[in-house]
1. So residue 142 fits all but one of (1) surrounded by 15 or more Cβ atoms within 10 Å (Cβ to Cβ); (2) out of contact with any Ser or Thr (no Cβ under 8 Å at 6 or more places or on another chain); what number is the exception?
2. Of all residues in the stretch 140-165, how many are assigned to a loop (DSSP other than H, G, I, E, B), touching a residue at least 60 places away in the same chain (Cβ under 8 Å) and either within 12 Å of residue 78 (Cβ to Cβ) or of a type in the set (Phe, Trp, Tyr) (or both)?
3. Does residue 98 satisfy the criteria of being over 21 Å from residue 144 (Cβ atoms), modelled with pLDDT under 85 and either in the same structural domain as residue 135 (by TED's automatic domain parsing) or surrounded by fewer than 16 Cβ atoms within 10 Å (Cβ to Cβ) (or both)?
4. Which pairs have Cβ atoms under 6 Å, sit 6 or more apart or on different chains, and link a residue in the stretch 107-127 that is surrounded by 12 or more Cβ atoms within 10 Å (Cβ to Cβ) and assigned to a loop (DSSP other than H, G, I, E, B) to one that is at pLDDT below 90 and among the aliphatic types (A, V, I, L, M)?
5. Can you pull out the residues in the stretch 56-95 that are polar (S, T, N, Q) and either surrounded by 18 or more Cβ atoms within 10 Å (Cβ to Cβ) or part of a loop (DSSP other than H, G, I, E, B) (or both)?
6. Which of the residues spanning the stretch 108-140 are basic (Lys, Arg) and modelled with pLDDT under 95?
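The values are calculated or read from the model by the stated rules, or taken from the named source; none is laboratory data. These numbers come from a predicted model, not from an experiment. Cβ atoms come from the backbone with ideal geometry, glycine included; neighbour counts cover every protein chain shown.
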Amino acid sequence: MIETILPWLGGVMRQQQTQSVALTSIVARRAGMLLAALGLAACGGAAESPRGVSAQEVVVRAEITSAHFRFEPGRIAVRAQAPVRLRFDNRLIAGNSGGALEHDFTIDRAAPGWLPLLLGPTVQLRVKANTQATAEFRLPRGTYTYYCSVYQHREDGMVGTLIVE
């Protein structure tokens, strides 16, 4: 009797193992598809805002004359959580020697203690003399100070305010 039960039991065990492997492979396949879909959604979300809002174009210049050393404009307002495409136009123009020097557009990270020094700025766009550079970023609501971190440009007046509403 045991000889007849053992082959039957072995067949049942093989059938359960096969069903278990099939179920495991279905679960693994579905989990893989879910992770792939989440990965694609995460990659796609970085390029466009959740509501399909196009990037806000902002252009800044370094302006250095005998009267001042500053950013133009000195105050920028943008929408919160919408992409901002910043173009720093640092080309030489008549009556403005700002483009003769290297500059950057920097917004410090809002964090306590030494963390901003360790992590670096939230936004930093460097531009060489007589060139242009572009960067894209998003910021939550708030008022931010932007400045040029090159040499003593900040102390000389290259400071502005970015209002995100």
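1. (1)
2. 3
3. It is false that residue 98 is over 21 Å from residue 144 (Cβ atoms), modelled with pLDDT under 85 and either in the same structural domain as residue 135 (by TED's automatic domain parsing) or surrounded by fewer than 16 Cβ atoms within 10 Å (Cβ to Cβ) (or both).
4. Sorted first by the residue in the stretch 107-127, then by its partner, the pairs are 109/119.
5. Passing the criteria: 65, 66, 81, 90.
6. 109, 138
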